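Colleague: Please find one structure pasted underneath; my questions will follow.
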Amino acid sequence: MLLTAKKINKSYQDNHVLQDANLDIKSGDSICISGENGSGKSTLLKIFCGLLRPDLGKLSILDRDPYKQPENLFIKQRIGVLMHSNMLYPQLTLKENLLFFSKLLGIINHRSRTYEVTDELNISKFLDIEIYKLSNGNRRKAGFAKSLLNDPEILITDEPEANIDSDTIEIFSNIFLQRLERSKANLFKSHNEKFYEKCSNKRMKLEHGRLLDL
Amino acid sequence: MKNWVKILLTISSKDLIIELKSKEIIVTITLFSLLVVSIFSVTSSNPSNLSAEIGAGIIWASVVFSGSIAMSKFFSHEEKDETLNAILLMPVPIELIFFSKILSLFIFLTISECLIIGAFSIFFNSNPLSIYILTVIPIFNLGFSCVGTFFGIISSKSRSNEILLTLLLVPIVIPLIMFATELTKAGLSGIHSPNFNLWLSLGILFDIIFLVVLTFLFGKIIDQ
């Protein structure tokens, strides 16, 4: 199992966002989480990628405890994350950003991997342009490129299709599907029906803090 | 170990490249420190004959306030663009992230001190450079950057982060400011401080205590 979450609970003061949420992700899974606004989808994704801690519950990623060092470093090296924000340095160029993050990820051939990922997303022509000069759509692609640098075992994305055109949605979908052929897993949240229909092989809904199969 | 040093330098050099491109912090601290030193200069009746006590106060007041402005700018960007979260998602020990930010701030503070000392020499016709101030600078910068990084990250979550950082930072670094002004005073007056070893021990002790305690607490706070 790539990820196992048992009875995950998370509250913001009196608002119980997640109540006993359970999830198992295995190789080849591409899970789309849907739910109403404010139902806790982003919170759940943030817990899985390590940006938030649950109040209660047990989480195991790649058969390791994400709250222990150095186990969490092993996990972080093998997951890819794209949240609402692209989490890139606006003053640095696309190349500088990707090289910086690939160095932190410990990628040996960081230069060739940077070119490989940008070629795949068709953004190589923007490599020497600062992120703040890019359009919202290209920034999203840049953020997605960053999440793919380490060819992650689990790719966790929060509305990856936000701000992008239909051609790019096609590119993103193909990447999602190609990953499944290589036994990788995707976990994402999306409101774009066309995107999630194509990219997911399992759909779940977050309702009253619980994850339900659809 | 070699790998950790490489990561530390990667993060810090990234901060410096961003600063070289934006020049935002450098411009802010240059203007602020010039302004503070020149205000003291024009309000002083005889700037060329300033007492060592007041001179040391002017230098370190300028460093503390321009440094805290630089820190709040530095961390508010990280918060706005969620780039600190991006680093936290990387396979890098939290302590190393803390140390890399301390290193970046250490460099910014050193630049700010060079500017302040230069401006002080011009406006007050006095050279504050001495073995005393050269001893003070690395010790002060380490402690100030350590406390500043810790509270900078906490206060960056707040809307009024600039005021909050100064309010949190200044009371804690008072022993460090006392250490710095005492030794700078000795350097400016040219009279050997009888309590040199005592003040030096205080400065070093401050650095060690805060580096150990805040490194531990930083990991805990980020974890939560």
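Colleague: Against the conditions (1) at pLDDT below 90; (2) within 14 Å of chain A (Cβ to nearest Cβ); (3) open to solvent by 40 Å² or more (accessible area, probe 1.4 Å), where does B:N125 fall short? Just the number, please.
Modeller: Here B:N125 clears every test but (2).
Colleague: Which residue out of B:F210, B:F144 is among the aromatic types (F, W, Y) and over 12 Å from the mean Cα position of the chain (by Cα)?
Modeller: B:F210
Colleague: Further, regarding this structure: Look at B:G219 and say whether it is under 17 Å from B:G152 (Cα atoms) and surrounded by 14 or more Cβ atoms within 10 Å (Cβ to Cβ).
Modeller: For B:G219, the condition - under 17 Å from B:G152 (Cα atoms) and surrounded by 14 or more Cβ atoms within 10 Å (Cβ to Cβ) - is met.
Colleague: If you check every pair at least six apart or on different chains, which have Cβ atoms under 8 Å apart with a residue in the stretch B:205-224 that is within 27 Å of A:L51 (Cβ to Cβ) and assigned to a helix (DSSP H, G or I) first and a residue that is modelled with pLDDT under 85 and open to solvent by 40 Å² or more (accessible area, probe 1.4 Å) second?
Modeller: From the stretch B:205-224, the pairs are B:I221/B:I154.
Colleague: Could I ask something else about it? Within the bounds of the stretch B:17-36, is there any residue that is of a type outside the set (A, V, I, L, M, F, W, C), part of a helix (DSSP H, G or I), within 9 Å of chain A (Cβ to nearest Cβ) and within 30 Å of A:E71 (Cβ to Cβ)?
Modeller: no
Colleague: Follow-up question, since we're still on this one. Would you tally the residues in the stretch B:98-118 being of a type in the set (V, I, T) and crowded, with 22+ Cβ neighbours inside 10 Å?
Modeller: Result for the stretch B:98-118: 2.
Colleague: Hey, another quick one. When only residues in the stretch A:45-95 that are within 24 Å of A:E159 (Cβ to Cβ) and aromatic (F, W, Y) count, which is nearest to the other protein chains (Cβ to nearest Cβ)?
Modeller: Restricting to residues being within 24 Å of A:E159 (Cβ to Cβ) and aromatic (F, W, Y), the top hit is A:Y89.
Residue-wise test of (1) more than 22 Å from B:Y132 (Cβ to Cβ); (2) more than 9 Å from chain A (Cβ to nearest Cβ); (3) assigned to a helix (DSSP H, G or I); (4) open to solvent by less than 20 Å² (accessible area, probe 1.4 Å).
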site	(1), (2), (3), (4)
B:S38	yes, yes, yes, no
B:G57	no, yes, yes, no
B:V64	no, yes, yes, yes
B:I69	yes, yes, yes, no
B:K73	yes, yes, yes, no
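Colleague: Take B:I54 and decide whether it is touching a Pro at 6+ places or on another chain (Cβ under 6 Å) and farther than 30 Å from A:L88 by Cα.
Modeller: Answer is no for this residue.
Colleague: Then there is this: Limited to the stretch A:161-187, what total is found for residues that are open to solvent by 60 Å² or more (accessible area, probe 1.4 Å) and not in a loop (DSSP other than H, G, I, E, B)?
Modeller: Total satisfying the criteria: 6.
Colleague: Under 6 Å between Cβ atoms, which residue pairs at least 6 apart in sequence (or on different chains) link something in the stretch B:35-49 that is closer than 9 Å to B:F124 by Cβ and touching a residue at least 40 places away in the same chain (Cβ under 8 Å) with a partner that is open to solvent by 100 Å² or more (accessible area, probe 1.4 Å) and in a loop (DSSP other than H, G, I, E, B)?
Modeller: So the pair list comes out as B:S48/B:N125.
Colleague: Please go through the stretch B:153-174 and give me each residue that is touching a Leu at 6+ places or on another chain (Cβ under 6 Å) and open to solvent by less than 10 Å² (accessible area, probe 1.4 Å), ordered by number.
Modeller: B:S155, the sole residue that qualifies.
Colleague: Quick check on this structure: which one of B:L96, B:L84, B:L89, B:L50 is touching a Ser or Thr at 6+ places or on another chain (Cβ under 9 Å) and modelled with pLDDT of 90 or more?
Modeller: Checking each option against the conditions leaves just B:L84.
Colleague: Being of a type in the set (V, I, T), at pLDDT below 90 and under 22 Å from the mean Cα position of the chain (by Cα) is true for just one of B:I18, B:I26. Which residue is that?
Modeller: One residue alone meets the criteria, B:I26.
Colleague: Cβ-Cβ distance below 8 Å, separation of 6 or more or different chains: which pairs start in the stretch A:40-66 with a residue that is closer than 20 Å to B:K220 by Cα and free of Cβ contacts under 8 Å to residues at least 60 places away in the same chain and end on one that is in a loop (DSSP other than H, G, I, E, B) and among the aromatic types (F, W, Y)?
Modeller: A:R53/A:Y67; A:L59/A:Y67
Colleague: Quick one: B:E95 ticks every box in (1) among the charged types (D, E, K, R); (2) in contact (Cβ under 8 Å) with a residue 60 or more places away in the chain; (3) open to solvent by less than 60 Å² (accessible area, probe 1.4 Å) bar one, so which box is it?
Modeller: Going through (1) among the charged types (D, E, K, R); (2) in contact (Cβ under 8 Å) with a residue 60 or more places away in the chain; (3) open to solvent by less than 60 Å² (accessible area, probe 1.4 Å) one by one, B:E95 breaks only (3).
Colleague: Determine which member of the set B:E53, B:E79 is within 13 Å of chain A (Cβ to nearest Cβ), open to solvent by 40 Å² or more (accessible area, probe 1.4 Å) and part of a helix (DSSP H, G or I).
Modeller: B:E79
The values are calculated or read from the model by the stated rules, or taken from the named source; none is laboratory data. What you see is a predicted model; the values in this text were computed from it and never measured. Here the Cβ is made from the backbone with ideal geometry for all residues, glycine too, and neighbour counts use every protein chain on show. Side chains included, ligands, DNA and RNA excluded: accessible areas come from the protein's heavy atoms. Shrake-Rupley method; radii C 1.70, N 1.55, O 1.52, S 1.80 Å.
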